[in-house]
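Data block below; observations after.
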Amino acid sequence: MRVYVPLTLPGLAEAYKTGELGAGPLLAYAVTPALREWYLSDDIEELEYAALSRAALASLRQLAADPGAPRRRVVVAVDVPDRDTSADPGRGLDPAALGQVRVTGAVALAKAAAVHVDAADAEADVTAAAEALPAADTGDEDAQLVVDGAEDHELLWFATQEIPNVVGRGD
C-alpha cells in the first residue's frame, strides 16, 4: 500500500540521518475505503492525490506545532505491506480522519518512493496558514481561507536520491 507520511524538513533530515521515518506506529494517509467514499472517485491517481493532500495538511499541523521549522510542508510517499497498516473504523467519515492510517513498526527511508516538498515561494503562504490553523479549526472562515491558500501551492516531487539536497546536506 502506498502511504503518505507527513513530516517537516527537520523530520526529513532526521529520517535521512537515521535511515528510517520512525519506529512506529506512524501516522500516515492512504487511499482508504472512507477516503474513496468521501471523494466519490474510482480514479486511483485522483485518490492518491487526495491522500497526499491530507498528508500535506498534517504536515502543516506539524509546522504549526514547531515554530522553528522551515515553513515548507513535507510528505514522504512510501510503500508498505497492507498488513502493516490499519485505519480506525470507528472514525468512519470523520473529516479529520479521512485517509488516515497507522503504520506499525519501523519504516525504512529506503522504502520511500518519493518526497514531496513545498517550493521556496510557498513559504509566506505556508507560514500564514500555520499561524491561521488554530482559528480555522474553530470555524473562522477567514482563517480557513488563509489555510486554503497554502493548498494552492503544489508540492514539488523529488526522487529519494535528492533528499540530501532537499535537507541541505548535499552529501
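The values are calculated or read from the model by the stated rules, or taken from the named source; none is laboratory data. None of the values given here were measured: they were computed from a predicted structure. In this analysis, Cβ positions are derived from the backbone assuming ideal geometry, glycine residues included, and neighbour counts consider all displayed protein chains.
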Counting only residues that are at pLDDT 90 or above and either of a type in the set (Lys, Arg) or in a loop (DSSP other than H, G, I, E, B) (or both), segment 105-114 contains a total of 1
| query | Can you find even one residue in segment 113-133 that is touching a residue at least 40 places away in the same chain (Cβ under 8 Å), among the β-branched types (Val, Ile, Thr), in contact with a strand residue (DSSP E or B) (Cβ under 9 Å, 6 or more places away or on another chain) and under 25 Å from Glu14 (Cα atoms)? | reply | yes
The one condition Pro6 fails out of (1) in a helix (DSSP H, G or I); (2) under 26 Å from Glu162 (Cα atoms) is (1)
Of the residues in segment 137-153, those that are part of a loop (DSSP other than H, G, I, E, B) and surrounded by 12 or more Cβ atoms within 10 Å (Cβ to Cβ) come to Asp140, His153
Of the conditions (1) touching a strand residue (DSSP E or B) at 6+ places or on another chain (Cβ under 6 Å); (2) of a type in the set (Lys, Arg); (3) in a loop (DSSP other than H, G, I, E, B), the single one that Arg54 does not satisfy is (3)
Quick count over segment 14-47, residues being at pLDDT below 90, polar (S, T, N, Q) and part of a helix (DSSP H, G or I), is 0
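Table: residues versus (1) touching a residue at least 40 places away in the same chain (Cβ under 8 Å); (2) closer than 16 Å to Met1 by Cβ.
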| position | (1), (2) |
| --- | --- |
| Arg72 | yes, no |
| Val80 | yes, yes |
| Thr138 | no, no |
| Ala150 | yes, no |
Gly68: passes all of (1) crowded, with 18+ Cβ neighbours inside 10 Å; (2) not charged (D, E, K, R); (3) not in a strand (DSSP E or B) but (1)
Picking from Arg91, Arg72, Arg61, the residue that is more than 16 Å from Pro25 (Cα to Cα), out of contact with any Phe, Trp or Tyr (no Cβ under 6 Å at 6 or more places or on another chain) and either hydroxyl-bearing (Ser, Thr, Tyr) or modelled with pLDDT under 90 (or both) would be Arg91
The residue that is farthest from Ala28 (Cα to Cα), considering only those in segment 116-136 that are among the acidic types (Asp, Glu) and part of a helix (DSSP H, G or I), is Asp121
How many residues of segment 19-40 are touching a Leu at 6+ places or on another chain (Cβ under 8 Å) and either within 24 Å of Pro164 (Cβ to Cβ) or surrounded by 15 or more Cβ atoms within 10 Å (Cβ to Cβ) (or both)? The answer is 11
